[in-house]
1. With of a type in the set (G, A, S), assigned to a loop (DSSP other than H, G, I, E, B) and touching a residue at least 60 places away in the same chain (Cβ under 8 Å) as the only criterion, which of G354, G386, G373, G350 stands out?
2. Condition first: part of a loop (DSSP other than H, G, I, E, B) and either free of Cβ contacts under 8 Å to residues at least 24 places away in the same chain or not aliphatic (A, V, I, L, M) (or both). Can you find one or more residues in region 217-228 that meet it?
3. Looking at L343, is it aliphatic (A, V, I, L, M), buried (at least 17 other Cβ atoms within 10 Å of the Cβ) and either in the same structural domain as V322 (by TED's automatic domain parsing) or under 39 Å from the mean Cα position of the chain (by Cα) (or both)?
4. Taking the condition more than 59 Å from the chain's Cα centre (by Cα) and not charged (D, E, K, R), does N132 pass?
5. Can you confirm whether region 107-124 contains a residue that is among the β-branched types (V, I, T), within 56 Å of the chain's Cα centre (by Cα) and not in a helix (DSSP H, G or I)?
6. Taking region 502-516 as the region of interest, how many residues are in contact with a strand residue (DSSP E or B) (Cβ under 9 Å, 6 or more places away or on another chain), on the phi < 0 side of the Ramachandran plot and in a loop (DSSP other than H, G, I, E, B)?
7. What residue, of F139, F116, is surrounded by 11 or more Cβ atoms within 10 Å (Cβ to Cβ), of a type outside the set (G, A, S) and not assigned by TED's automatic domain parsing to the domain that holds P212?
8. Restricted to region 61-106, and to residues that are of a type in the set (D, E) and part of a loop (DSSP other than H, G, I, E, B), which residue is modelled with the highest pLDDT?
Amino acid sequence: MVVARVGEFIVGLQIVGTDIQRLSLPMRAEIQRRQRRGAMLAAQPEGDRRGARRIPFQRFSNGPAQCGHAVQVQQPERITIDTSRVAVAIARQRLLTSRYDFFKLKEELNGVVGGFRYKSVPHISLKGIAQNPNLDLVFAKHERVLEEKLAAVNAALANVSPRLRNDIRSKLALKQRQEGKKAITDADRRRWDLPAISKPWEHWEVPFDTDPDYSADLTKAIEEYRTAWRAKMDEVNACIAASADQEELVDQPEVDRKITRVTGPFTVEAVQPPEMSLGDAIEVDTGQFAGEPEKLGETFVIREVQMGESTQNLEAYLSKMVDLLRMDGVRFPDNKQKKFTRLDPIYATGSSAGIHAEGRWVNVGETDDDLEGEATVGVVFGPQYGPITAKMIEEVIRPAARRYEDLVFAGFSFDGPAQAVIDEGHPRLRMHLAHIRPDVNPGMNGLLKEQPGSQLFTVFGRPRTTLDGPDGEGMYRLTMEGVDIYDPVTNAIVDTGATKVAAWFVDSDYDGRTFCITQAFFPDRSAWDKLSKALDGVIDPDRFEAFSGTVSLAFPAEGHKCAAVKVIDPRGNEVMSVHSLEAE
């Protein structure tokens with residue numbers, strides 16, 4: 001669950017105490033729908049409202065919100081959503097790289113509180129039209145001109161031969177036979193159903209447009225009449241609008257094109273998963289970051305976390321994970337994949353030493369010449385609700401190194417110290433961190449399509465980062481040099497540089513539990529193009545160059561004397577490296 005706090009930098013509309021009849025039809029329908037929803041929730045007992053969600057107003061010009069897309073919020077408030085890490089990464093990048101309209105304010109000194117200047121339109125009513133004395137002058141002005149144009153039209157109509165009248169009238173009958181009677185419009189009848197020779201057109205019978213078979217004189221006369229008629233109607237409409245009362249459209253504030261608005265400070269927060277071993281409610285030591293957490297404020301309620309997992313449920317969870325891994329295999333960067341030729345669960349043998357499954361794998365398209373040979377791959381699954389910790393990894397490395405060539409840690413998340421242990425490596429064992437897709441979790445039962453090729457288990461390489469400093473002013477800099485990935489084809493570690501990085505973030509004061517972004521970088525330079533062009537001459541271009549760079553801004557060592565780097569790949573998988581800032 002992710003909570004995004006958005007401030008006034010994305011403020012748009014605040015519809016409070018507004019007459020609903022003054023809104024546009026789409027906004028009016030939305031408000032009425034939400035009012036009905038609110039009345040239904042108010043009638044429910046307090047315990048039945050847990051599924052209710054408060055959704056802020058959105059701009060209808062942006063279209064409906066879509067799953068996994070970042071939506072421009074029009075009110076400052078907290079938004080709580082259940083989403084995947086991919087959607088969070090996309091939303092975060094769009095907020096940082098987007099620009100927004102700046103709405104004109106009624107009172108500049110009071111800001112948004114003083115209200116916006118809205119687009120105004122005339123409020124036209126039948127009463128206002130009937131009591132408008134200026135319309136008589138407009139009608140009198142154009143009446144003589146229209147009479148002259150109508151006389152010219154009827155003079156040209158009288159010269160149309162009966163044969164041509166019948167030919168044109170036959171077009172009306174042909175359309176009726178081909179498309180049906182309901183397809184015939186008033187414009188069709190005016191154009192094709194010409195009156196008898198002795199009967200002229202009245203003002204309300206003149207065609208709106210002409211037919212190619214009309215004579216040149218008739219076509220010219222009708223076009224001149226319609227031009228004079230349109231001039232009359234334009235003046236009538238202008239007269240009505242000028243006499244009508246002006247009304248504000250509160251869902252259409254005026255935009256100041258001279259000012260560009262960008263995203264201000266915001267936070268993306270997540271509920272911290274409890275650190276626990278698989279199936280147990282125990283406290284886990286996290287190495288150098290172990291210790292009693294800081295005291296919580298009065299806002300939080302301290303509660304005991306328990307798994308509530310029986311042995312039967314735990315075995316069912318592990319059995320499902322083994323089946324899915326056997327079916328889909330493990331996917332590495334560049335769409336390289338390892339498939340298991342054999343994968344056997346060993347968690348119930350009593351001598352697994354924390355390893356849950358073992359087997360053999362080969363590259364996709366290859367065959368295993370020794371299906372019954374010794375297992376070369378061990379698999380460890382992380383908790384259903386919580387990250388894989390450093391203690392879990394350290395407990396299995398030694399026994400796994402005596403039995404396997406590769407060891408796969410498959411989990412829904414990994415804490416910083418756990419990734420640091422993987423970074424240290426082992427001389428006789430290749431270790432891989434495989435991220436499990438969130439919808440694989442049994443708690444999301446029914447959302448997963450269990451079929452081969454679903455990319456359920458994805459390996460992302462370890463980030464290669466270096467720390468420089470302290471300099472003469474006590475400042476540090478972090479450099480993201482790229483990602484080390486395992487190539488299963490060549491059986492070697494390959495440095496990909498920054499090409500496989502969608503984004504990377506820095507926490508300059510990492511506490512070992514919560515990663516707080518203090519600097520954000522997106523190597524994809526195209527993400528900043530629009531914003532950079534919009535702010536051309538306002539912000540130094542070198543600043544935008546830094547946003548897409550691989551070197552962090554300078555930062556000092558703070559209370560925890562630790563900095564962390566989180567790297568995200570295009571799929572949304574994230575890995576982290578930790579650096580100590582203790583002066584040597």
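1. Numbers: G354 fails: touching a residue at least 60 places away in the same chain (Cβ under 8 Å); G373 fails: touching a residue at least 60 places away in the same chain (Cβ under 8 Å); G350 fails: touching a residue at least 60 places away in the same chain (Cβ under 8 Å).
None of the other options fit; the residue is G386.
2. The first filter runs over region 217-228 and keeps only residues part of a loop (DSSP other than H, G, I, E, B), leaving none.
No, region 217-228 has no match at all.
3. Working: aliphatic (A, V, I, L, M): yes; buried (at least 17 other Cβ atoms within 10 Å of the Cβ): yes; either in the same structural domain as V322 (by TED's automatic domain parsing) or under 39 Å from the mean Cα position of the chain (by Cα) (or both): yes.
Yes; evaluated as a whole, the condition is true for this residue.
4. Considered against the rule, which asks whether it is more than 59 Å from the chain's Cα centre (by Cα) and not charged (D, E, K, R), N132 comes out as no.
5. Yes: region 107-124 contains one or more residues that are among the β-branched types (V, I, T), within 56 Å of the chain's Cα centre (by Cα) and not in a helix (DSSP H, G or I).
6. Within region 502-516, the first condition is being in contact with a strand residue (DSSP E or B) (Cβ under 9 Å, 6 or more places away or on another chain), and the residues that meet it are 502-512, 514-516.
From what is left, the residues that are on the phi < 0 side of the Ramachandran plot are 502-511, 514-516.
If we keep only those that are in a loop (DSSP other than H, G, I, E, B) as well, we get 502, 508-511, 514-516.
So the answer is 8.
7. F116
8. Let us first name the residues in region 61-106 that are of a type in the set (D, E), namely 77, 82, 101.
Checking the rest, the ones that are also part of a loop (DSSP other than H, G, I, E, B) come to 77, 82.
On the way: E77: 45, D82: 55.
Among residues in region 61-106 that are of a type in the set (D, E) and part of a loop (DSSP other than H, G, I, E, B), the one modelled with the highest pLDDT is D82.
The values are calculated or read from the model by the stated rules, or taken from the named source; none is laboratory data. Predicted model only: the values in this text are computed from it and were never measured. All Cβ positions, glycine included, derive from the backbone under ideal geometry; neighbour counts span all protein chains shown.
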